There are 2 protein chains.
Amino acid sequence: MTTGQHAHSQEVVIAIDAMGGDHGPHVTVPAAVRILKENPNLNIILVGLTASVEAELKALHITPHPRLRVQHASEVVLMDESPQSAMKNKKDSSMRVAINMVKTGEAQACVSAGNTGALMATARFVLKTLPGIDRPAIASTLPSEKGSTFMLDLGANADCTPEHLYQFAIMGAMVVSCISNKPNPTVGLLNIGSEDIKGNEVAKQAAELLRGSHLNFYGNVEGDDIFKGTTDVVVCDGFVGNVALKTTEGLAHMMGKFLTQEFKRNWLTKLMALGAFPVLKAFKKRLDPRRYNGASFLGLRGIVVKSHGGADSIGFYHAIHVAMEEAQSGVLKRIQAQLEIEHLTSSEQS
Amino acid sequence: MTTGQHAHSQEVVIAIDAMGGDHGPHVTVPAAVRILKENPNLNIILVGLTASVEAELKALHITPHPRLRVQHASEVVLMDESPQSAMKNKKDSSMRVAINMVKTGEAQACVSAGNTGALMATARFVLKTLPGIDRPAIASTLPSEKGSTFMLDLGANADCTPEHLYQFAIMGAMVVSCISNKPNPTVGLLNIGSEDIKGNEVAKQAAELLRGSHLNFYGNVEGDDIFKGTTDVVVCDGFVGNVALKTTEGLAHMMGKFLTQEFKRNWLTKLMALGAFPVLKAFKKRLDPRRYNGASFLGLRGIVVKSHGGADSIGFYHAIHVAMEEAQSGVLKRIQAQLEIEHLTSSEQS
């Protein structure tokens, strides 16, 4: 239990919205228990309906644990509830109470599989944005041929100015520099490479800002560079990022379906599938989306991580892991320091 | 040679830029010969340096053919040449001469694997846009779980107005209605589905225009719907479309690489690969990008199809096939008729 801890591993507290997601405590509690056992410097607060959470703990045979406590919250934000309704009518929701704990400093991060719109609206309202950041962005790690690519914005901001993209680049680079072993990660600006037209106006101006920044700006990258791993960070507006992400989900699904169909075509191909099963399993594991679960809401005065709503306990475990790494490695301070270096925290910028 | 002809199969002439692409006549000529043999109503004009083209024909043992002729053009547009340079300095290029033949009516369509920027600029300059169309778009068929999806714009226009997207929708729907067995194809507008934010301003206004149109507008679709096949046509601006397309190319490449790596891990997995080879081959064939080669430049007063520059003769064959289908099925007239139905051809719209 004490092996494999990183040098920067320090005592942190994470508040978990135990009720969020399609499966609630049935998924969030086992994930919390697992990561708690693996990390002796981690403390967890499970926020939600005490009865539901404790029933789940009991089912897992968890006796009182010194680094785990349950915080009661009487309400639950529904997966299809509007952000407005959640904000106005659910002030004692598990989601809101978990975010409040980050605000008061009781926790250094919170994790929720609850609905994205409500989580973003509540987090923004409660925590506010960092000085120098106009809008929070959604960021996530994606697999690449070279390891991984950190990409943002994945859907928080459909319309972005060049300044927003510049701010996203700073946040993305600082997260990667804190969490990976890359002190000066490369940043690519997502663009199109048609010979005639080099991208839209916003991208052109954002490239200018990035060239003048202190970041390790690589230049423009194209869609295929995300998975090639050309740069450590890929920056784009939330419209393009969301479309790119969902498109890849669609393609991966189609490819998986076609592969299954080919193997199920007749008894001979089924026999081949049996033979190839261990390899296909290893391949599938390598691209398992659960390993990449956990999107960071960056730009807030606190760490908020969103799990996929349909995640199972393995997926949710990875989302908590993202929050833990960000809290332990001091991502927030690093972003703030870089915003100062870039002279973005002066009053005229806010 | 006379089997399998469609009812709408009529006599057409296609001008081929024989010099375009990474491989020139070595690829374009065999592709032309193959499609010519398969389609008795097709006539082909190979445009380029006569010596090069005839040498290739000779190598293929092609004797004079009543439906094939070579048209000399003394210049070649280079793959990295700027559109400005191609337009100004290469007035007798194979690309330009092939487009001119569409302009004069000698050919009903042209196909080129030459550089995209030069081809688009030249085609636009020579042919002009259709009345009611502000800007041409690049469109292509992509595979989907239900068969195929026709998507545009894939990169011609980085910044689009709602009116542009509306025009793209008309063109895409008419191509699908002409070429497939879908008289009233569904049209989806590519958007993002975050609970809080329903897309950018342009997409919102485009949706309004499409709801008021005579098209079979499905509504918004997301990135994963492209490969799910939710709608027959997916419309987006060229920035988003290009990123989505290249992202899928990147993902497919990465998945292929990882799969190969897993099968090559050790002698046992290599043995499994041997067993699974026929299935993997069938799978690969199903998603073979060569089968989807051939992007249409829509919105011009003539049919222009762009082949991937690196295409081999099978890929280039498919690009010619796209041009042939569009010419035979009367796509241009159909688009013009629909523009009139949508009241987009009146003078105030141009």
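The values are calculated or read from the model by the stated rules, or taken from the named source; none is laboratory data. In this text the structure is predicted, and so the values were computed from the model without any measurement. No Cβ is skipped: glycine too gets one built from the backbone with ideal geometry, and neighbour counts run over all protein chains shown. Remember, those area values only see protein heavy atoms, side chains included, never the ligands or the DNA or RNA. Shrake-Rupley method; radii C 1.70, N 1.55, O 1.52, S 1.80 Å.
Key figures for this structure:
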item: For B:R290: the one exception among (1) open to solvent by less than 20 Å² (accessible area, probe 1.4 Å); (2) touching an Asp or Glu at 6+ places or on another chain (Cβ under 8 Å); result: (1)
item: Test: residue in segment B:100-116 that is among the small types (G, A, S), within 14 Å of chain A (Cβ to nearest Cβ) and closer than 13 Å to B:G302 by Cβ; result: yes
item: When residues of segment B:118-153 are limited to those that are in a loop (DSSP other than H, G, I, E, B) and open to solvent by less than 30 Å² (accessible area, probe 1.4 Å), the one nearest to B:S94 (Cα to Cα); result: B:P136
item: The lone exception for B:W267 - which of (1) at the interface with chain A (Cβ under 9 Å from one of its Cβ atoms); (2) over 23 Å from A:V234 (Cβ atoms); (3) free of Cβ contacts under 8 Å to residues at least 40 places away in the same chain it fails; result: (1)
item: Set A:T129, A:T63: member being more than 19 Å from A:D22 (Cα to Cα), among the polar types (S, T, N, Q), more than 14 Å from chain B (Cβ to nearest Cβ) and in contact (Cβ under 8 Å) with a residue 60 or more places away in the chain; result: A:T129
item: Of residues in segment A:74-99 being open to solvent by 40 Å² or more (accessible area, probe 1.4 Å) and in a helix (DSSP H, G or I), the one nearest to the other protein chains (Cβ to nearest Cβ); result: A:Q84
item: Complete set of residues in segment B:259-277 that are touching a helix residue (DSSP H, G or I) at 6+ places or on another chain (Cβ under 7 Å) and assigned to a helix (DSSP H, G or I); result: B:L259, B:E262, B:F263, B:T269, B:K270, B:M272, B:A273, B:G275, B:A276
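Residues checked against (1) more than 9 Å from chain A (Cβ to nearest Cβ); (2) assigned to a strand (DSSP E or B):
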| site | (1), (2) |
| --- | --- |
| B:F217 | yes, yes |
| B:N220 | yes, yes |
| B:D224 | no, no |
| B:T231 | yes, no |
| B:F239 | no, no |
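Table: residues versus (1) surrounded by 23 or more Cβ atoms within 10 Å (Cβ to Cβ); (2) aliphatic (A, V, I, L, M).
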residue	(1), (2)
B:N266	no, no
B:A276	yes, yes
B:F283	no, no
B:K306	yes, no
B:I314	no, yes
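Per-residue answers, yes or no, for (1) open to solvent by less than 20 Å² (accessible area, probe 1.4 Å); (2) under 27 Å from B:D80 (Cβ atoms):
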position: A:N157; (1), (2): yes, no
position: A:N181; (1), (2): no, no
position: A:L189; (1), (2): yes, yes
position: A:K204; (1), (2): no, yes
position: A:G223; (1), (2): yes, yes
position: A:T231; (1), (2): yes, yes
position: A:K246; (1), (2): no, no
